[in-house]
1. Here is a list of conditions, (1) in contact (Cβ under 8 Å) with a residue 24 or more places away in the chain; (2) surrounded by fewer than 17 Cβ atoms within 10 Å (Cβ to Cβ); (3) assigned to a helix (DSSP H, G or I), and residue 51 meets all of them except one; can you say which number that is?
2. Filter segment 181-203 for residues that are in a helix (DSSP H, G or I) and closer than 14 Å to residue 146 by Cα; which is nearest to the chain's Cα centre (by Cα)?
3. Of everything in segment 124-155, what is more than 14 Å from the chain's Cα centre (by Cα) and at pLDDT below 80? Give them in sequence order.
4. Got a sec? Which of 93, 125 is crowded, with 17+ Cβ neighbours inside 10 Å and in a helix (DSSP H, G or I)?
């Protein structure tokens, strides 16, 4: 049985158990699914069963599940959450994902979330929230790696090792000046195979594609599809 067949079988079993199964059985099966599968289960269930699934769901999965739900269902669950519950549920979301959900909650919840964050993370989130939701600025993820032209590749590699991990979907490092203005990109491939004594300025691509913050979401999607992009500044 492949993964898809197993997931479909688990979803079917959970639906059967919702009407006459025990809490422990449903809990075990539900929390073994990935967030997109749980979101699909919620979306395809009647309202009473949706509430039961949400109550059983582990807190550390709630944010990712919310992120996969359609707007109407997101808003339905968000209306029931106070600031403290919202903060706990969305703790592990990326900045762009959190910003997207925050735009659907009351101002008091937004203030509670912002006040709970570090100054750096708050500034990043406020920057994303300052742009329309359907613009490139509103969609952007500020969790990126940026370096200067005068850094050697060895310095960049040591910096990456100190971080312990890099943002998801990272295929390039962004090159900026002292004012954090975009200059170009350095591919991870070049970084890994080139002489570590070389400088970023010797290898980075000044002609790489960039997107204006006021570009619409449809324009961004077309550009990513046309250019087969993974990330862009």
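The values are calculated or read from the model by the stated rules, or taken from the named source; none is laboratory data. Bear in mind the structure is a predicted one, so any value in this text is a computation, not a measurement. Reconstructed Cβ throughout: ideal geometry from the backbone, glycine too, with neighbour counts over all protein chains shown.
1. It fails just one condition, (1).
2. The extreme case among them is 188.
3. 126, 127, 129, 130, 131, 132, 133, 134, 135, 136, 137, 145, listed by residue number.
4. 125
To keep it simple, each residue is scored yes or no on (1) at pLDDT 80 or above; (2) closer than 19 Å to residue 76 by Cα; (3) surrounded by 13 or more Cβ atoms within 10 Å (Cβ to Cβ).
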| residue | (1), (2), (3) |
| --- | --- |
| 7 | no, no, yes |
| 11 | no, no, yes |
| 16 | no, no, no |
| 22 | no, no, no |
| 29 | no, no, yes |
| 35 | yes, yes, yes |
